[in-house]
1. Scan the range 198-218 and report the pairs whose first residue is more than 26 Å from S103 (Cβ to Cβ) and among the acidic types (D, E) and whose second residue is open to solvent by less than 30 Å² (accessible area, probe 1.4 Å) and at pLDDT 95 or above, with Cβ atoms within less than 9 Å and a gap of 6+ or a chain change.
2. Name every residue in the range 209-228 that is surrounded by fewer than 17 Cβ atoms within 10 Å (Cβ to Cβ), more than 13 Å from the chain's Cα centre (by Cα) and aliphatic (A, V, I, L, M), in order of residue number.
3. Hey, can you tell me all the residues within the range 231-261 that are in a loop (DSSP other than H, G, I, E, B) and either touching an Asp or Glu at 6+ places or on another chain (Cβ under 7 Å) or open to solvent by less than 60 Å² (accessible area, probe 1.4 Å) (or both)?
4. Find all pairs meeting these conditions: Cβ atoms under 6 angstrom apart; at least six residues apart or on different chains; first residue within the range 152-165 and over 15 Å from Q238 (Cα atoms) and free of Cβ contacts under 8 Å to residues at least 24 places away in the same chain; second residue open to solvent by less than 10 Å² (accessible area, probe 1.4 Å) and aliphatic (A, V, I, L, M).
5. Here is a list: N271, N264. Which entry is at pLDDT below 95 and either aromatic (F, W, Y) or open to solvent by less than 60 Å² (accessible area, probe 1.4 Å) (or both)?
6. Output the residues belonging to the range 278-295 that are part of a loop (DSSP other than H, G, I, E, B) and either loosely packed, with under 10 Cβ neighbours inside 10 Å or touching a Ser or Thr at 6+ places or on another chain (Cβ under 6 Å) (or both).
7. Having 2 or more residues that are within 30 Å of V270 (Cβ to Cβ) and either open to solvent by less than 50 Å² (accessible area, probe 1.4 Å) or out of contact with any Asp or Glu (no Cβ under 7 Å at 6 or more places or on another chain) (or both) is the bar; report the strands (runs of 3 or more DSSP E) wholly within the range 84-195 that clear it.
8. Considering only residues of the range 274-308 that are of a type in the set (F, W, Y) and more than 24 Å from the chain's Cα centre (by Cα), which is modelled with the highest pLDDT?
Amino acid sequence: MANELDGFHFEQNHGKARVRVARVWRADGGGDHSMVEWSVNITLFSDCINAYVRDDNSDIVATDTMKNTVYVKAKECSQQLSAEEFAILLAKHFTAFYPQVTSAIVKIVEKPWERINLNGQPHEHGFKLGNEKHTTEAVVKKSGGLKLTSGIAGLSVLKTTQSGFEGFVRDQYTALPETRERMLATEVTAIWRYSYDSISKVPQKPLYFNERYLDVKNVVLSTFFGPPKGGVYSASVQSTLFQIEKAVLIRFPDISSVQLKMPNIHFLPVNISTKDNTIVKFNDDVFLPTDEPHGSIEATLSRFWARM
């Protein structure tokens, strides 16, 4: 929150970071259990300038109170809910319960616990830790205004063919050969913004955002890899990135913009030069994996009326 103070412009906010909470939902009378583990970050924008300039803490919501609120609100959720729903619930509480809080930002990273399958059967209460993480951020104003984003972090993908890189700028510093046959690997970070501008417009369908998260991830994977038989050719990481973003916006009308970061994870063909200058070629089947240094490729695609 910004203030004019003694001829200066002063901005402040406070919150609680990395509040870890796990919630288990047990089915009545037996059956499947469900669980989530979240890391919650809370930021409050509030009128508590007196704490800074007059040693008066009477308007401060203690960060320890914020932490405890996470646990209490998790307990109150008797039905399983998505990270997006919980983020909105928390932010709405802080803006509605405290008169001095004008807006709240709640960010959540969900740890990827997945139900295990044994002999083809899903286990009732057994889970294993997966890889990529489900992320979300809800910005809620006292008026009920909403800015909601979701995302995928750490989605590592690789294909062993159907990728090339040709026709790029060549000068005296260029050593990279052109190719139509290379491995393509990256770690995808995706963030998409929903078009809902108020809490009242958020879909009330249970676990709607969990379903949308899985749908977006499926579009990312299917666009990157192509059909199971034959795949699809990638002329560059940039081209594949754009095709993914375009596919997401075409498929999901309630997503207004999508941002992707896709750094190159390099697999360099190994060729060995011996001391008598004999070169041993491995025919592009033995590689040196390396991600340092790596190419940094990112872009955002938005509908005309939307910006990230």
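The values are calculated or read from the model by the stated rules, or taken from the named source; none is laboratory data. Just so it is clear, the model here is predicted, and its values are computed rather than measured. Don't worry about glycine lacking a Cβ; one is built from the backbone with ideal geometry, like all the others, and counts go over all protein chains shown. Surface areas here come from the heavy atoms of the whole protein model, side chains and all, with no ligands, DNA or RNA. Shrake-Rupley method; radii C 1.70, N 1.55, O 1.52, S 1.80 Å.
1. E211/S82; D215/F252
2. L221
3. We begin by selecting, within the range 231-261, every residue in a loop (DSSP other than H, G, I, E, B); these are 231-233, 235-236, 252-254.
Of everything in the range 231-261, those that are in a loop (DSSP other than H, G, I, E, B) and either touching an Asp or Glu at 6+ places or on another chain (Cβ under 7 Å) or open to solvent by less than 60 Å² (accessible area, probe 1.4 Å) (or both) turn out to be G231, V232, A235, S236, F252, D254.
4. none
5. After ruling out the rest, the residue left standing is N264.
6. T278, N283, D285, E292, P293, listed by residue number.
7. Working: elements: 101-110, 113-118, 121-129, 133-141, 146-159, 184-194.
The strands (runs of 3 or more DSSP E) meeting that bar are 146-159, 184-194.
8. Taking the range 274-308 as the starting set, the residues that turn out to be of a type in the set (F, W, Y) are 282, 287, 304-305.
If we keep only those that are more than 24 Å from the chain's Cα centre (by Cα) as well, we get 282, 287.
Values: F282: 67, F287: 90.
Among those residues, the one meeting the criterion is F287.
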